[in-house]
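Undergrad: The structure that follows is given in the form of structure tokens.
The values are calculated or read from the model by the stated rules, or taken from the named source; none is laboratory data. Keep in mind it's a predicted model, so treat the numbers as computed, not measured. Glycine also receives a Cβ, built like all others from the backbone with ideal geometry; neighbour counts cover every protein chain displayed. When the accessible area is computed, the model is the full protein with side chains, heavy atoms only, and any ligands, DNA or RNA have been set aside. Shrake-Rupley method; radii C 1.70, N 1.55, O 1.52, S 1.80 Å.
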Amino acid sequence: MFMQNLKRFLYGTLVTLNSLLAAAQKPVSLIPYPASLVQKPGVFILNAKTQIVCQQPAIRGIAMQLVQDIQERTGHVLPVNPQRSVTATRIRLLLDKGKDPVSEAEGYLLEVQSSEIRIRGNTPHGIFNGIQSLLQLIDNSEKQAGAHVLTNMHIRDHPRFGWRGLMLDVSRHFFSKQFVKKYIDEMARYKLNVFHWHLTDDNGWRIEIKGLPRLTSTGAWRVPRTGTWAALAPQPGEAATYGGYYTQDDIREIVRYAADRFITIIPEIDVPGHSQALIAAYPGLSCSQQQYPVSNGAGSGQEHNVLCPANDSVYRVLDKIFTQVAELFPGDYIHTGGDEVSYRFWEKHPACQALMKREQIATGEAYQAYFGQKVAAIIRAKGKKMACWYGHYFDERDKETTMYSWTTREDGIRMSQKKVPVVMTPAWDTYLDFYQGVFSAEPVNVIPGIVRLKHCYAFDPVPDGADAAYIRGGQGNLWTESVPTERHAEYMTWPRALALAEVFWSPKQQRNWPEFTERVIRRFTYFQKKGINYSESFYNPVVTGVKDSAGGYRVQLDSELPGVQLYYTFDGTNADAYSARYQGQPLKTPREASQVRVVAYSNGHPIGKQVVFMLSELAHPNLR
């Protein structure tokens, strides 16, 4: 009996040691990947006896949040003690103020040793960032008899850019306070630190302003629609019942929630264009002063959605709005929109024409710049800085306003050379409302462009020719014309925002696309546990058209993933591993064929969806 028990004990010990060795040999899966990571021999065992050691009051709140996060992942409720225990493994948080363990305020050191995990930072934000890395290590750790096994390692990490943002448009479709918090939670997991909140547009005004009640009683509501955006204009007498808004108490609550996660919220009040919700509430602010409904995306094309710069009431209303916005949001910036302004209203309005003549303003762009200067003065009087979307109206002499380069990279390059602070967010690299793959394999979308996961990962916020000193960082943007639900907002955000998080944080020279995709796939387990929707579109085949010498188009197939085999048919039947295999050369299309069907295989198994691509779309300019 003794020998049998000994054999069982030795066998169990051997199995455990082999499991620990295997855990120690696995590649480390972190997003964004740290600036420096070195694996060490040995492992740390996280179990019910592990303690959190935190001696400094300034970071005790962070320690208590760590207790909740670890409990959620492991079921263990770890005690927080001011002194370390000699009998238990421990997680030690250490604020090294002034000792500069890392070179950046947001940087941190994370050391995993067999007896202790130590997270050090110059600031609470740095320690918070280190904790986010630790939580991912726990998510990916091996489990042994109720314990989590973490590989010993040394991480030294800090961000490439100080501005790492995501924008959420809540005007086209309103999202609940609870969802906004959930969105902020996930941003913090990947060290994104700027939440740009697009609160107003033609389609809904989403923030309570005291003294202007019609902004929310009228401006927050439009006619309900299900299906493709802008398919049916408001009908005569139709009730505006779709929408919602955030009270000022809601705003304060969300601002505090974000601050606890070291995320700054930048509110956007979009003027002078994209203002139909504001004008629906107060028609006297437009040039026509006519009553229009809040837009649902469809209309006659004659609705006035632009404020009148010649009307002094406009500036009084904006002053009241921005006074309250400045009080609600403690960050340095207020975003004032500024893009896609139609000048046709101003061109026909006698008061605008008279003002332009008096001020010697010759063009619509210059007139918008005049309006922008007056708004900037209001913003600065509140102790804030202004940010705006780039347009030709932008006054290049204004070195205080931060400009978002959204149309092209070249705009950002040129502005940085002129010493204007720039946030790089070019649409074809960062717009999360674009399709994620071949049109037919994706949900309905009115935006006919494609931004794949690979495009986000290839983006560099400092393109050749830019003055890096004036590039603040970058941002992904989720406009929501075709995003009617919170679940779909998640689908459009993840995993592309993971790619952007790594682009904004990690050293450029460390990027490794095949290795990144493996880390993304491992992160899907976390999304599933949290009930977060996400896209697997990067599994799907890529179909583009290549022009041949005769002026026609051939079919070119590709994959975002390495080592993938592609199989196709032209006869309308489903493709599988017994169909023709793509050999890398563009395919001549049979004269009578109307479609190509393509499926991807990896390691002998199908991945992603079968793509059904209509050959009539081969000439589409936005395929990529």
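Undergrad: Treating the angle as unsigned and between 0 and 90°, give the value, to the nearest 10°, between the Cα long axis of helix 312-328 and the longest Cα principal axis of the chain.
TA: 20 degrees
Undergrad: Hey, another quick one. Kindly report, to the nearest 10 Å², the accessible surface of Lys182 as traced by a 1.4 Å probe over protein heavy atoms only.
TA: Looks like 70 Å² after rounding.
Undergrad: Related question: Direction-averaged shadow area of the convex hull around the Cα atoms of the chain, nm²?
TA: If I average the Cα hull's projected area over directions, I get 35.2 nm².
Undergrad: Which of Gly572, Tyr491, Ala501 sits farthest toward the positive end of the charge dipole of segment 479-624, with +1 on the Cβ of Lys and Arg and -1 on the Cβ of Asp and Glu?
TA: Ala501
Undergrad: At 1.306 mPa s and 10 °C, plugging the Kirkwood radius over alpha-carbon pairs of segment 453-559 into Stokes-Einstein gives what diffusion coefficient in µm²/s?
TA: 97 µm²/s
Undergrad: List the GluC sites (Glu not before Pro) within segment 389-497 that DSSP assigns to loop and that have no more than 16 neighbouring Cβ atoms inside 10 Å.
TA: Here the GluC sites (Glu not before Pro) that fit, given the DSSP loop and packing criteria, are Glu396, Glu400.
Undergrad: Okay, next question. When all protein chains stay in place, what accessible area (Å², nearest 10, 1.4 Å probe) is found for Thr336?
TA: Taking all protein chains as shown, Thr336 has close to 10 Å².
Undergrad: Another one. What is segment 163-299 by shape, rounded, prolate or oblate, if you read a ≥ b ≥ c off the alpha carbon gyration tensor as root eigenvalues and call it rounded for a/c under 1.5, prolate for a/b larger than b/c, and oblate otherwise?
TA: prolate
Undergrad: Which value, in debye to the nearest 20, describes the size of the charge dipole of segment 322-436 about its Cα centre when Lys and Arg Cβ atoms bear +1, Asp and Glu Cβ atoms bear -1, and nothing else is charged?
TA: Computed about the Cα centre, the dipole is about 460 debye.
Undergrad: Which percent, nearest 5, of DSSP beta bridges in the chain are antiparallel?
TA: Percentage antiparallel, nearest 5: 50.
Undergrad: Next up: Pick out, from Tyr246, Met64, Gln373, the residue whose Cα sits farthest towards the positive end of the charge dipole of the chain, with +1 on the Cβ of Lys and Arg and -1 on the Cβ of Asp and Glu.
TA: The Cα lying farthest towards the positive end belongs to Met64.
Undergrad: Continuing with this model, one more query. For Gln178 and Lys49 in one chain, what is 0.36 nm times their gap in residues minus the Cα-Cα distance, to one decimal in nm?
TA: Using 0.36 nm per residue and subtracting the Cα-Cα distance, I get 43.1 nm.
Undergrad: Please give, to one decimal in nm, the separation of the simple spin-label points placed at Asn603 and Asn512, each 7 Å out from Cα toward the Cβ.
TA: In this crude label model, Asn603 to Asn512 measures out at 1.8 nm.
Undergrad: If you place +1 on the Cβ of every Lys and Arg and -1 on the Cβ of every Asp and Glu, how big does the dipole about the Cα centre of segment 326-366 come out, in debye to the nearest 20?
TA: 380 debye
Undergrad: Now a separate question. Relative to the first principal axis of the alpha-carbon coordinates of the chain, what is the inclination of helix 177-189, with its axis defined by its Cα atoms, in degrees from 0 to 90 and to the nearest 10?
TA: The two axes meet at around 50 degrees.
Undergrad: Sticking with this one: Helix-only estimate, please: 222 nm mean residue ellipticity of the chain, summing -39500 (n - 2.57) across DSSP H runs of length 4 or more and dividing by its residues, to the nearest 500.
TA: -9500 deg cm²/dmol
Undergrad: Could you work out how far helix 2-25 tilts from the main Cα principal axis of the chain, as a 0 to 90 degree angle to the nearest 10?
TA: In the chain, helix 2-25 runs at an angle near 30 degrees to the longest axis.
Undergrad: Across every pair of different alpha-carbon atoms, what Kirkwood hydrodynamic radius in Å does segment 403-461 reach?
TA: 12.4 Å
Undergrad: Work from the charge dipole of segment 128-203 (Cβ charges, +1 for Lys and Arg, -1 for Asp and Glu, about the Cα centre) and give the residue of Phe179, Thr200, His154 farthest towards its positive end.
TA: Highest projection toward the positive end goes to His154.
Undergrad: To continue, here is another question. Rounded if a/c is under 1.5, else prolate if a/b beats b/c, else oblate: with a ≥ b ≥ c from the C-alpha gyration tensor eigenvalues square-rooted, which is segment 533-624?
TA: Taking the square roots of the gyration eigenvalues as a ≥ b ≥ c, segment 533-624 is prolate.
Undergrad: Taking a probe of 1.4 angstrom, what is the accessible area of Val438 in Å², to the nearest 10?
TA: It works out to around 10 Å².
Undergrad: Shifting gears a bit: Taking square-rooted eigenvalues a ≥ b ≥ c of the alpha carbon gyration tensor, is segment 221-344 rounded, prolate or oblate, where a/c under 1.5 means rounded and, failing that, a/b exceeding b/c means prolate?
TA: oblate
Undergrad: Stretch Ile521-Ala458 to full length: gain in nm at 0.36 nm per residue minus the Cα-Cα span?
TA: 20.9 nm
Undergrad: Could I have the simple spin-label model distance between Lys357 and Arg554, label points 7 Å from Cα toward Cβ, reported in nm to one decimal?
TA: 6.4 nm
Undergrad: Along segment 52-67, what does the Karplus equation 6.51 cos²θ - 1.76 cosθ + 1.60 (θ = phi - 60°) give for ³J(HN,Hα), rounded to whole Hz, x for Gly and Pro?
TA: 9, 9, 9, 9, 9, x, 5, 10, 5, x, 5, 4, 5, 5, 4, 4
Undergrad: Another question about this same structure. Assuming R0 = 45 Å, what is the FRET efficiency of Asp249 and Arg397, from their Cβ-Cβ distance, to the nearest 0.05?
TA: 0.65
Undergrad: Continuing with the same structure: Any chance you could list P(r) for segment 309-392, counting all Cα-Cα pairs in 10 angstrom bins from zero, rounded to whole %?
TA: Going from the shortest bin to the longest, the percentages are 16, 46, 31, 8.
Undergrad: Here's a follow-up. List, in the order given, every pair from Lys385/Lys418; Lys320/Lys348; Lys191/Lys385; Lys385/Lys508; Lys210/Lys382; Lys182/Lys382 whose Cα-Cα distance in the structure shown is over 20 Å.
TA: Checking Cα-Cα distances, Lys320/Lys348; Lys191/Lys385; Lys385/Lys508; Lys182/Lys382 exceed 20 Å.
Undergrad: Let me ask something else. Given 0.36 nm per residue, what is the gain on full extension from Asn533 to Glu142 after removing their alpha carbon distance, in nm?
TA: Separation in residues times 0.36 nm, less the Cα-Cα distance, equals 138.3 nm.
Undergrad: Let me ask another. Rounded to the nearest 20 Debye, what is the dipole magnitude of the chain about its Cα centre when Lys and Arg each give +1 and Asp and Glu each give -1 at the C-beta?
TA: Using only the charged Cβ atoms, the result is roughly 1720 debye.
Undergrad: In segment 160-306, what % of DSSP beta bridges are antiparallel (nearest 5)?
TA: The answer is about 25 percent antiparallel.
Undergrad: Could you check the simple spin-label distance between Lys320 and Leu232, using points 7 Å along Cα→Cβ, in nm with one decimal?
TA: 3.6 nm
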